[in-house]
Amino acid sequence: MTVAPPRPTTRRAEQVTGFRAGNEMAALSAKQIDFHLMGYYPITPSTEIAELLDEMKAAGEHDIVMVPADGEHSAAGICYGAATGGGRVFNATSAQGLLYSLEELPVQSGTRYPMLLDLATRTVSGPLDIRGDHSDVYYALSTGWLVLLARDPQAVYDMNLIALRVAERAEVRLPAIVAFDGFFTSHQKRRVSTFADDATVRDWLGPLPDVVTALDPRHPVTIGPYMNDPDLINNKYQLERAMDAALPAFREVFAEYEELSGRHYDLVDEYRMDDAEIAVFLLNSAAETAKDVADRLRAEGIRAGVVSPNVIRPFPADAIRQALRGVRAVVIGERSSSYGAHGATLAHEVKSALKDDQGNRTLCLSRVYGLGGRDFYAEDAEAFFRLAAEAAERGAVKVPFDYYGVEPGDPAKSRPRRGTPPLTREEMTSGLLKVEPGPDGRLKVEAPPYWQLAAKPKRVVPGHGACPGCGIFPALDQFLRGIEGDVVVLYQTGCAMVVSTGYPCTSHRITYVHNLFQNGAGALSGLVEVFHERIRRGELPAGEDITFVMVTGDGGMDIGMGTAIGAALRNHRMIVVEYDNEGYMNTGSQLSYSTPLGHMTSTSHVGPAELGKSFHHKDTPQIMAATNIPYVFTGVEGYPDDLVAKAAKAQWYASHEGMVYGKVLISCPLNWKTEDRVGVEVVQAAVDSCFFPLYEIERGITHITYDPEPIGRRVPVADWLKLMGKTKHLCQPGNEATLASIEAEVERRWQRLKARDEHPLL
């Protein structure tokens, strides 16, 4: 391995002052570093980083290749592949996103390819919570990645540069995570300084390291071979030695960065620790709160200090031992827990480090606080200091480990009061819908006019928090009116889930289950199979009949496509309904694979260097039809009789033959940039332009259920695009090529659909 020559002595570089949030600083540092590639998938609160970078790219400010993955697992694979090509690689994620990619992380560290991952920390579900704690970053502690902490927006910028510089050093060669507090740091603006010239950053980082690359055909290599004992343990030993080498490397790079920027960092941040008798050990933003309290306690004559690591992998044991050497008692507060371990993870590591210091007698108290993003105020920091003072005075620890900030519940409310009474089977069985097989193999549906079904109670009641004009619940209500009897629903994460289940309330009058984007179909298929097995064993009444429906959308059929296809191939008796709002709307309108070509989203901007989404939308109904499930359909809110009839068919097929998939186009005025009241009009235009055709596939045979051409309703695709603010640019001069590409693709898919309708074997 070639070691880069030493760099010349640096001098203080020109900087500019601004007012930015942590995510903005992450994006700016990535732009100045000029990564080759960013693989990403949207998840709150880190999504904004990719959005900002895409906005800058549309303006022509950088050339980073932005690859929108179908899930965080895929994003991690994209980044790893790019790293094996010798590229500088970047990613950003949070919470479940990190966990979903977790199995890829040891692959990258085990093969010693550097990259940078920004982690806007967030609580790990479930139940679902999008606010910030540290439960996600703790899962990464055993992956072999360097882990740095950034306590404020300035540190996000600085640590990104420092982390990459250390990660790429020849004696280290490891990927690195920079973790900063979700919402506390990611979205809160602070006064910051940044280098005025991008070249300053690139010159300081230096040239790309000389790594084994998959892009040298004259020197073929094997990356990630199958490895047995003793080779694997030797590999892991080398990784451990690389971690050891990282500690002095960090010290050197911190010093070099101080010379360049004037900002000082060390392995451990010590505040008023020179003569401290009591201390708190806190990560990131909470430590800043505690510093103000330490000042106030000092005024009272209490010698208080704050210890906060900037690096936790490798764990800076020597620095922590030195910081706490004269301290009588320390409270180690953590925004994560290691359930059943009688203390959070870093508390055990601090205790272990101190135990190796024979002269240290510091009393240690472990406290878990702030889970789910609960705020940490000065009063809380003072409570920690008082706990330490009490232990120091007593000379013993009364309660070594506990949670701080929990509140006892009310036993009288152990079973929450129902907001609405449950539905009975009789209420939901109208007797007006009749479905039976016809002589041509198609199901025949006898359905009354839609208004006659209005007497059926709503399974999802008003009072949810959907945006004005949102088409999700009107469309779902229409669909569910075509389902008779008992229904159990599973919602993947998305708008429909978030706005209808804010604890302790729910908008659902039927049994509801939530699972994450990537595994809804797997979870529901397990529920379906255990239902039938319990009936077989006599544990549930014979003849019990439940229709199982999974509601997905907001990208759920991207990240969750694999498990959906798996469930389809197994052909479980269930229905998957996807509401198609053409984006990841629940996280802020990022592009999804259902977003059409050229549409503007928060990760497909319009500007001099970019014209909306760069590739065509995924034809999910055709993909699901290829699995040979018995029934596939499309629908829209504006054709209620059609949607109700298809729902009735879906229930029959799910009851008698197997899995059903349906895609329902719904309006999203907020992110489509339309008026609230014109949703049905916009969806109608999508259907009449044949962008979203209405059809069904029964037992592999395609039937168009609405053809606008014979009745003179076919309109150009441009007529539909003009109705939405997100697509008006496509109809402006200069964008004719993109518009023509959209029209050609719509026509190609429509003609293929007509051919299938006319020829049953297609």
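No lab work stands behind these numbers, since they all come straight from the coordinates. Worth saying up front: this structure is predicted, and the values here are computed from it rather than measured. Every residue, glycine among them, receives a Cβ derived from its backbone with ideal geometry; neighbour counts consider all protein chains shown.
Within the chain, what's the longest stretch lacking GluC sites (Glu not before Pro) that sit in DSSP loops with no more than 12 other Cβ atoms inside 10 Å?
On the way: sites that count: E14, E300, E426, E539, E544.
Maximal segment without exposed cleavage sites: 15-299.
Can you classify region 268-403 as rounded, prolate or oblate using the Cα gyration tensor, where a ≥ b ≥ c are the square roots of its eigenvalues, rounded means a/c under 1.5, and otherwise it's prolate if a/b beats b/c and oblate if not?
Numbers: a/c = 1.24, a/b = 1.04, b/c = 1.20.
Taking the square roots of the gyration eigenvalues as a ≥ b ≥ c, region 268-403 is rounded.
If you stretched the chain out fully between I701 and E390, how much longer would it get, using 0.36 nm times the residue separation minus the C-alpha to C-alpha distance?
On the way: separation 311, 0.36 × 311 = 111.96 nm, distance 7.63 nm.
Answer, rounded to one decimal: 104.3 nm.
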Exercise. What is region 15-261's relative contact order, in percent, from Cα pairs under 8 angstrom and six or more apart in sequence?
Worked result: 25 percent
For this session: Compute the separation of the alpha-carbon centres of region 197-260 and region 336-363 and state it in Å as a whole number.
Result: 30 Å
Problem set entry | Relative contact order (percent, whole number), the chain, Cα cutoff 8 Å, 6+ residue spacing | 10 percent
Seminar exercise, completed: As straight-line cross-link partners of K663, the qualifying aspartates and glutamates (C-alpha separation under 14 Å, not fewer than 8 residues apart within one chain) are D554, D558, E578, D580, E582, D619, E637, D642, E696
Exercise. Expressed as a rounded percentage, what relative contact order does region 619-751 have, with Cα pairs under 8 Å and six or more residues apart?
Worked result: 24 percent
Exercise. Roughly what % of DSSP beta bridges within region 15-261 run antiparallel, to the nearest 5?
Worked result: 20 percent
For this session: Jot down the radius of gyration and Dmax of the chain, Cα atoms only, both in angstrom.
Result: 29.0, 92
For this session: Note the full-extension length gain between V530 and E758 as 0.36 nm times their separation in residues minus their Cα-Cα distance, in nm to one decimal.
Result: 78.0 nm
Exercise. What are the trypsin sites (Lys or Arg not before Pro) within region 532-623 that DSSP puts in a loop, where the Cβ has at most 10 other Cβ atoms within 10 Å?
Worked result: R537
Seminar exercise, completed: Note on region 442-558: alpha-carbon gyration tensor, axes a ≥ b ≥ c; rule is a/c under 1.5 for rounded, else prolate if a/b larger than b/c, else oblate; result oblate
For this session: Between D244 and S741, take the C-beta separation as r, use R0 = 41 Å, and let me know the FRET efficiency to the nearest 0.05.
Result: 0.15
Seminar exercise, completed: With R₀ set to 22 angstrom, the calculated FRET efficiency between the beta-carbons of C731 and E681, to the nearest 0.05, is 0.85
Seminar exercise, completed: V715 and R442 label points (each 7 Å along its Cα→Cβ direction) are spaced in nm at 2.7 nm
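Sort region 1-121 into rounded, prolate or oblate with this rule: let a ≥ b ≥ c be the square roots of the eigenvalues of the Cα gyration tensor; rounded if a/c is under 1.5, and if a/c is not under 1.5, prolate when a/b is larger than b/c, oblate otherwise. Could you put the intermediate results ahead of the total?
Numbers: a/c = 1.78, a/b = 1.12, b/c = 1.58.
Oblate shape, in that a/c is at least 1.5 and b/c is the bigger or equal ratio.
Given the chain, what percent of its DSSP beta bridges are antiparallel, to the nearest 5? All intermediate terms of the calculation are to be shown ahead of the outcome.
Details: 29 of 95 bridges.
Of all bridge pairs located within the chain, approximately 30 percent are antiparallel.
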Exercise. Assuming R0 = 35 Å, what is the FRET efficiency of V221 and R12, from their Cβ-Cβ distance, to the nearest 0.05?
Worked result: 0.25
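For region 165-271, which trypsin sites (Lys or Arg not before Pro) pass both filters: DSSP loop (anything but H, G, I, E, B) and at most 13 other C-beta atoms within 10 Å? Walk me through the numbers before you get to the answer.
Numbers: sites: R165, R169, R173, K189, R190, R191, R202, R218, K236, R241, R251, R263; in loops: R169, R173, K189, R218, R263.
Listed in order of number, the matching sites are K189, R218.
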Exercise. Can you give the calculated 222 nm mean residue ellipticity of the chain, where each DSSP H run of n ≥ 4 adds -39,500 (n - 2.57) and the sum is split over every residue, rounded to the nearest 500 deg cm²/dmol?
Worked result: -11000 deg cm²/dmol
Problem set entry | Of K189/K673; K458/K726; K236/K355, pairs whose Cα-Cα distance is over 30 Å | K458/K726
For this session: Mind jotting down the distance between the C-alpha centroids of region 453-518 and region 132-156, whole Å?
Result: 36 Å
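I'd like the trypsin sites (Lys or Arg not before Pro) in region 402-499 restricted to DSSP loop residues with at most 14 other Cβ atoms within 10 Å, sorted by number.
In loop regions of region 402-499 (DSSP not H, G, I, E or B), the sparsely surrounded trypsin sites (Lys or Arg not before Pro) are R417, R418, R425, R442.
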Problem set entry | Percent of C-alpha pairs per 10 Å bin, region 662-707, short to long | 25, 45, 23, 8
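Once the other residues with Cβ under 15 Å from the Cβ of I78 are scored (Lys, Arg +1; Asp, Glu -1), what is the net sum? Write out the running numbers ahead of the final one.
On the way: positive: R88; negative: D70, E72, E103, E104, D558.
Local net charge: -4.
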Problem set entry | Eligible lysines near K444 by straight Cα distance, threshold 17 Å, same-chain separation 8 or greater | K434, K646, K649
Exercise. What percent antiparallel are the DSSP beta bridges of region 268-403, to the nearest 5?
Worked result: 20 percent
